[in-house]
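Visitor: Before I ask anything, here is the structure I am working with.
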Amino acid sequence: MTAKGIKRISSPAEMTRYVVEQKQEGKTVGYVPTMGSLHEGHLSLFKKARENSDCVIASVFVNPTQFGERDDYINYPKNIERDAGLAESAGVDALFIPEESAIYPNGSDITVKVHSKTDVLCGKSRPGHFDGVATVLIKLFNIVKPDTAYFGMKDAQQVAIVTSLVRSFHFPVKLVACPIVREADGLAKSSRNVRLSVEERKEAPELFKGLQAGLRGAKLGETRFDQLIATVKAYYAKHLTLGKIDYVDVLNYPDLRRSGTLLSGRFIIACAVRYQNARLIDNITSDTELFTTVSEADESC
């Protein structure tokens, strides 16, 4: 059925048929998987897909297997009418909105296990989260069969793991990682930002400024992982009064490891900070030889 000019599909079989039809017409298919509650970050992915694909598909599916607590899953914000309108405005042709029973017809009796890149950053405090992400993406990639899939660097750990997933399962999908979309004051766009109090929202841009402080240290010649971490933590100690640091880390990227004690090649400076009703994540990735800016905004997809 269609509504507001965008095609809505709930059946996996119908979704696959739609994609086959598009490809039979010689069209390329770009795909953006989401859990809804769309914001400008998602819209930037849709627009990039629109620029590079003949047919753009987005999915809205709140995946139960990547939530640690059932209450978080149940309370995750859902507004499909709003999401459909935003997706249409950004050039999405079809919206895949399956029920949980359609994606997990036999429950979670078969899942996959991610064995690397999960013991750091967000994965360290969210056991099983990326197993759920990998499991649902295998299902979605098999249903949608895209030529290209778009992910935001807001969750750089997820991008690194999905890259390994595509290689491990030989999916004929090109992954495109797109830069973080930020508010004017530097705060990374997130559906969780609405959960911040007025005072927390005023403080939240300090997350990005702390990461910038670390990157400036690297620009000035600091090459030790531990010193860059200390620089970011020192900034937060001075500027965060409401948020509680979950982690600050510096790792090689995308392998999410450290090669010795010194920076080598591309790296990521990442953080997570907990507020009363929201946990915010942010990061900067850069090449030690090529970076010329402290913002991700100049990177292209």
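The values are calculated or read from the model by the stated rules, or taken from the named source; none is laboratory data. Predicted model only: the values in this text are computed from it and were never measured. In this analysis, Cβ positions are derived from the backbone assuming ideal geometry, glycine residues included, and neighbour counts consider all displayed protein chains.
Visitor: Could you tell me which residue of the stretch 47-86 is surrounded by the most Cβ atoms within 10 Å (Cβ to Cβ), considering only residues that are hydrophobic (A, V, I, L, M, F, W, C), part of a helix (DSSP H, G or I) and without any contact (Cβ under 8 Å) to a residue 60 or more places away in the chain? Spell out the reasoning first.
Guide: First, the residues of the stretch 47-86 that are hydrophobic (A, V, I, L, M, F, W, C): 49, 55-58, 60-62, 67, 74, 80, 84, 86.
Those left that are additionally part of a helix (DSSP H, G or I): 49, 74, 80, 84, 86.
With without any contact (Cβ under 8 Å) to a residue 60 or more places away in the chain added as a condition, the list becomes 74, 80, 86.
Numbers: ILE74: 10, ILE80: 13, LEU86: 19.
Result: LEU86.
Visitor: What do you reckon, is LYS219 among the basic types (Lys, Arg) and modelled with pLDDT under 95?
Guide: Details: among the basic types (Lys, Arg): yes; modelled with pLDDT under 95: yes.
Criteria met by LYS219.
Visitor: Out of the residues in the stretch 90-128 that are more than 19 Å from VAL60 (Cβ to Cβ) and assigned to a helix (DSSP H, G or I), state the one that is modelled with the lowest pLDDT.
Guide: Among those residues, the one meeting the criterion is SER125.
Visitor: Quick one: is ARG201 modelled with pLDDT under 95, closer than 20 Å to ARG182 by Cβ and not hydrophobic (A, V, I, L, M, F, W, C)? Explain how you work it out, then say what you get.
Guide: Values: modelled with pLDDT under 95: no; closer than 20 Å to ARG182 by Cβ: yes; not hydrophobic (A, V, I, L, M, F, W, C): yes.
No: the conditions fail for ARG201.
Visitor: Can you tell me which of VAL159, VAL176, VAL166 is touching a Phe, Trp or Tyr at 6+ places or on another chain (Cβ under 6 Å), part of a helix (DSSP H, G or I) and of a type outside the set (Ser, Thr, Tyr)? Even if it seems obvious, please write down each step before you answer.
Guide: Values: VAL176 fails: part of a helix (DSSP H, G or I); VAL166 fails: touching a Phe, Trp or Tyr at 6+ places or on another chain (Cβ under 6 Å).
Answer to the selection: VAL159.
Visitor: So, one more: Which numbered condition trips up ALA149, out of (1) outside the structural domain of SER53 (by TED's automatic domain parsing); (2) aliphatic (A, V, I, L, M); (3) part of a strand (DSSP E or B)?
Guide: (1) is the only condition that ALA149 fails.
Visitor: Right, next: Kindly provide the set of residues from the stretch 129-146 that are surrounded by fewer than 20 Cβ atoms within 10 Å (Cβ to Cβ) and either outside the structural domain of ALA102 (by TED's automatic domain parsing) or outside any helix (DSSP H, G or I) (or both), ordered by number.
Guide: Within the stretch 129-146, just LYS145 meets the criteria.
Visitor: Within the stretch 194-235, how many residues turn out to be of a type outside the set (Ser, Thr, Tyr) and in a loop (DSSP other than H, G, I, E, B)? Reasoning before the result, please.
Guide: Kept after step one, since they are of a type outside the set (Ser, Thr, Tyr), are these residues of the stretch 194-235: 194-196, 198-222, 224-230, 232-234.
After this cut, where a residue has to be in a loop (DSSP other than H, G, I, E, B) as well, the list is 196, 204-205, 220-222.
Within the stretch 194-235, residues that are of a type outside the set (Ser, Thr, Tyr) and in a loop (DSSP other than H, G, I, E, B) number 6.
Visitor: Within the stretch 233-288, track down each residue that is hydroxyl-bearing (Ser, Thr, Tyr), modelled with pLDDT under 95 and more than 22 Å from the chain's Cα centre (by Cα).
Guide: Those that are hydroxyl-bearing (Ser, Thr, Tyr), modelled with pLDDT under 95 and more than 22 Å from the chain's Cα centre (by Cα): SER259, THR261, SER264, THR288.
Visitor: Here are some residues: VAL198, VAL194, VAL248. Which one is hydrophobic (A, V, I, L, M, F, W, C) and surrounded by 13 or more Cβ atoms within 10 Å (Cβ to Cβ)? Don't jump to the end; show me each part of the working.
Guide: Working: VAL198 fails: surrounded by 13 or more Cβ atoms within 10 Å (Cβ to Cβ); VAL194 fails: surrounded by 13 or more Cβ atoms within 10 Å (Cβ to Cβ).
Just a single option satisfies the conditions, and that option is VAL248.
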